[in-house]
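*Asks:* What follows is a structure written as C-alpha cells; I'll ask about it next.
Derivation of every value follows stated rules applied to the coordinates shown; laboratory data play no part. Since the structure is predicted, the reported quantities are computational estimates derived from the model, not experimental observations. In this analysis, Cβ positions are derived from the backbone assuming ideal geometry, glycine residues included, and neighbour counts consider all displayed protein chains.
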Amino acid sequence: MVERTVFIHLPGETEAVPAGRLTMIEQGLQVQASTFAYGRRYVTRTNALAVDPIALALVGRNDEERVPAGGLAMFGALRDAAPDAWGRRVIENRLRAPPNGLPESVYLDHAGPHRAGALDVRESPTSPPAGGALPSVVDLRHLLDVAARVEEGEPVPAHLEVFFAGGPSVGGARPKAVVTVDGGEWIAKFPARNDPFNVPIVERATLELAREAGLVVPRTRMETLADGRQVMLIERFDREPLVGGMGRRHMVSALTLLALHEQDSPDSSYAAIADAMGVHGVSGQIASDRNELFARMVFNILVSNDDDHLRNHAFLFDAEGDGWRLSPLYDVVPKPQLAQERMLHLSIGPQGRRARLDNALAGAGRFGLLPPDAARIIDRIVRAVRSWRDIFEGLGVPVRECDRVASAFRRAADIGMRDVDRQL
Ligand SMILES: Nc1ncnc2c1ncn2[C@@H]1O[C@H](COP(=O)(O)OP(=O)(O)O)[C@@H](O)[C@H]1O
Ligand SMILES: [Mg+2]
C-alpha cells in the first residue's frame, strides 16, 4: 500500500496546499484500488475546491474515505495529473527503467511541478514542492536533443541533464517540453522520428485555421532552429502568471468528467460530453460551451482529425462560476487518407462515428441546438476550412507539406452538406 499527500493550487495562489491523503493498492505495476480522504483543515477553507469533480465533490460529510467513481482504480483527476506516454518515457529515461516498467505511483511521484492542472502529489503534508526550473524557449535545441535521446531510449548525457530538471511536464504521446516565454508557460511540440509530414507546422496552421473558423484557440507560434527543424509552441491555459509566482488552474480531461476508463473512450460520444456539461458546467455558460463543442466536432470532421479521444478534450475549473468550462482547443492534426468513408474517434450523431456533416446536424439536438442554428455553425466552419490552403501558405507551410495533408480536408458536398443547406 502506498500513501501520498495530494496538494492543490487554489485559485489565485502561487503555493499549493495539502488537500488530502491518497492511498493506492498496487499489484505489480498496476494500481488495483485507491481511496482518498480530505484533510480536516482543507475542507474548512472557504476557497477549497473538489480534487475530483465526480468522486470527490465537496458536499455533506467530507471526512470519510472515498473511492473512485465508475469502478475505476484511480480517481480520474489524479490519473490526469499522472504523465501518459511521453512523460513516462522521460521518467523511465531518468530512472533507467524499461518502457512502462515502473509502478504507477512512481510515475505519479515524478511528474513534477509542471504537470497538467492544479494537482501535485507528494510524500507527506510537509513535503516541499519538487524543484526544477523550466528551461527557456532559447534552449529549444538542447531540448530537442534530449527528446531525441528519450525517443531512442538512450540515456541523456550529463551536460543535458539540466534540461531534464523540470520533469516530464504534460501528457500526450508526442515529444514535447514545457518552456518559458516572456514569463509565461508554453508547451513546445517537437517533430517526431516517424512523422509522415511536418507535424509541428501543420498542427500550428490547423489551430490557426480553427481560430479563423471562430473556435477558441490558445496563442501559438513556430520556432525554426538553425538546422531547419521546426517546433510548435502553444501557450498553456492551465497556468496563469501571478504577482510573485505562477498560478495553476484545476483541469480535468473529458475522460474524467465522464468517469470513464481509457479503453471506454471509443464507445463514447460528443453528446455524452455535452450531457456532462449540463451537470458540471457553469450556469449561464452551458449553451455557449456546447456550441463550441459542436463546432469543434464539425471542424474535426472537416479536417479528418480522428485523434479526438476523451483526453484531447479538457475542462478548466471556473471558481467564480463554480463549475467546469470547456478549455481552449488543442491537439488537432489533419490525418491524410484515401478512404471516402471516415470515422472520428468519438460518436457524432445517429450514424455513430461516421464523419459526416449530416450526421452532425442530425445529432445537434443533444447539444441543445435547433437544426437551423446547428446548420449555421456548420456553414461557418465549412466556409473557413474551405480556405485552408491560403491560411496554411500565409503561415509559411510549404506547398509540399500542404500537398501531403490535402486529402485530409473534406469537400462539404461529399459528406452531407445538402441536408445542412436545406436548413439555412
Ligand atoms: N495549451 C495547453 N495548455 C494546457 N495544457 C495543454 C495544452 N495543450 C495540451 N495540453 C495538455 O497536454 C496534453 C498533451 O498535449 P497534446 O497536444 O494532446 O499532445 P499529444 O499530441 O502528444 O497528444 C493534453 O492532453 C493536455 O492535457
Ligand atoms: Mg493529445
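*Asks:* Hey, rough spin-label estimate for ASP63 and GLU3, points 7 angstrom out along Cα→Cβ, what's it come to in nanometres?
*Replies:* Those two pseudo-labels are separated by 1.8 nm.
*Asks:* Can you tell me, using C-alpha contacts under 8 Å and at least 6 residues apart, the relative contact order of the chain as a whole percent? Don't skip to the answer; put the middle values down first.
*Replies:* Values: 826 pairs, mean separation 58.0, N = 424.
Reported relative contact order: 14 percent.
*Asks:* Here's a follow-up. What is the diffusion coefficient of the range 250-423 in µm²/s, taking the Kirkwood radius over Cα pairs and the Stokes-Einstein relation at 20 °C with a viscosity of 1.002 mPa s?
*Replies:* Working: Rh = 16.6 Å.
Calculated translational D: 129 µm²/s.
*Asks:* Using the eigenvalues of the Cα gyration tensor, what equivalent ellipsoid semi-axes result for the range 2-122 when each is taken as the square root of five times the eigenvalue, whole Å, largest first?
*Replies:* On the way: eigenvalues 129, 57, 23 Å².
Semi-axes (√(5λ), whole Å): 25, 17, 11.
*Asks:* Quickly estimate the mean residue ellipticity at 222 nm for the chain, helices only: each DSSP H run with n ≥ 4 gives -39500 (n - 2.57), and the total goes over all residues, rounded to 500. Spell out each step's value before the answer.
*Replies:* Values: 14 runs with 131 residues, N = 424.
About -9000 deg cm²/dmol.
*Asks:* Which value results for Rg/Rh of the range 258-345 when Rg is the Cα radius of gyration and Rh the Kirkwood radius based on the inverse mean 1/r? Before the final figure, lay out each step's value.
*Replies:* Values: Rg = 13.8 Å, Rh = 13.9 Å.
Looking at the range 258-345, the ratio lands at 0.99.
*Asks:* So what does log10 I(q)/I(0) come out to for the range 243-300 at q = 0.17 Å⁻¹, using the Debye formula with one equal point on every Cα and no solvent?
*Replies:* -0.66
*Asks:* Can you list, bin by bin at 10 Å, the percent of alpha carbon pairs in the range 110-258, starting at 0?
*Replies:* 10, 37, 37, 14, 2
*Asks:* I've got another one for you. Using just the Cα positions, wrap the range 195-241 in a convex hull and report its mean projected area in square nanometres, one decimal place.
*Replies:* Numbers: hull surface 17.9 nm².
That works out to 4.5 nm², a quarter of the Cα hull's surface.
*Asks:* Once you charge only the Cβ atoms, +1 for Lys and Arg and -1 for Asp and Glu, what is the size of the charge dipole of the range 137-235 about its Cα centre, to the nearest 20 debye? Write down the numbers at each step before the final one.
*Replies:* On the way: 11 positive and 15 negative charges, 42 e Å.
Once rounded to the nearest 20, the dipole reads 200 debye.
*Asks:* May I ask you to derive the relative contact order of the range 137-235, considering only C-alpha pairs under 8 Å and at least 6 residues apart, and to give it as an integer percent?
*Replies:* Numbers: 115 pairs, mean separation 22.0, N = 99.
For the range 137-235, the relative contact order is 22 percent.
*Asks:* Have a look at ALA69, ALA360, ALA147 and tell me which one the Gaussian network model of the chain (Cα, springs below 10 Å) gives the largest fluctuation.
*Replies:* ALA69
*Asks:* Moving to a separate point now. For THR46, THR14, which order do you get if you count the other beta carbons within 10 Å of each Cβ and list the fewest first? Intermediate results must be reported in sequence, preceding the final value.
*Replies:* Working: THR46 5, THR14 14.
Going from sparsest to densest Cβ surroundings: THR46, THR14.
*Asks:* Further question on the same structure: Nothing charged except the Cβ atoms of Lys and Arg (+1) and of Asp and Glu (-1): what's the magnitude of the dipole of the chain about its Cα centre? Round to the nearest 20 debye. Could you put the intermediate results ahead of the total?
*Replies:* Working: 50 positive and 56 negative charges, 116 e Å.
Roughly 560 debye for the chain.
*Asks:* With an 8 Å cut-off on Cα pairs and a minimum separation of 6 or more residues, tell me the relative contact order of the range 250-423 in percent.
*Replies:* Details: 265 pairs, mean separation 45.7, N = 174.
Relative contact order comes out at 26 percent.
*Asks:* Farthest toward the dipole's positive end in the range 137-235, which of VAL202, GLY214, PRO155, given Cβ charges of +1 (Lys, Arg) and -1 (Asp, Glu) about the Cα centre?
*Replies:* Result: GLY214.
*Asks:* Hey, what's the Cα Rg ratio for the chain versus the globular rule of thumb, 2.2 N^0.38 Å? Spell out each step's value before the answer.
*Replies:* Details: Rg = 21.6 Å, N = 424, 2.2 N^0.38 = 21.9 Å.
Taking N as the residue count of the chain, the ratio is 0.98.
*Asks:* For the residue pair HIS159 and LYS335, what label-to-label distance in nm results when each label sits 7 Å from Cα along the Cα-to-beta-carbon direction?
*Replies:* 4.1 nm
*Asks:* Right, something else. Subtracting the Cα-Cα distance from 0.36 nm times the residue separation, let me have the gained length for ARG96 to ARG149 in nm, one decimal. Don't skip to the end; give the middle numbers.
*Replies:* Numbers: separation 53, 0.36 × 53 = 19.08 nm, distance 1.24 nm.
My answer for the length gained is 17.8 nm.
*Asks:* A further question follows. Provide the convex hull volume over Cα atoms per residue for the range 360-411, in Å³.
*Replies:* Details: hull volume 4.6 nm³, N = 52.
Here the figure is 89 Å³ per residue.
*Asks:* Cut-off 10 angstrom, C-alpha nodes, Gaussian network model of the chain. Which of ASN300, ASN194, ASN359 fluctuates the most?
*Replies:* Its mean-square fluctuation being the largest, the pick is ASN194.
*Asks:* Next question, about the same structure. Taking only the C-alpha atoms, wrap a convex hull around the range 74-119 and report its volume per residue in Å³ as a whole number.
*Replies:* On the way: hull volume 3.1 nm³, N = 46.
Roughly 68 Å³ of hull volume per residue.
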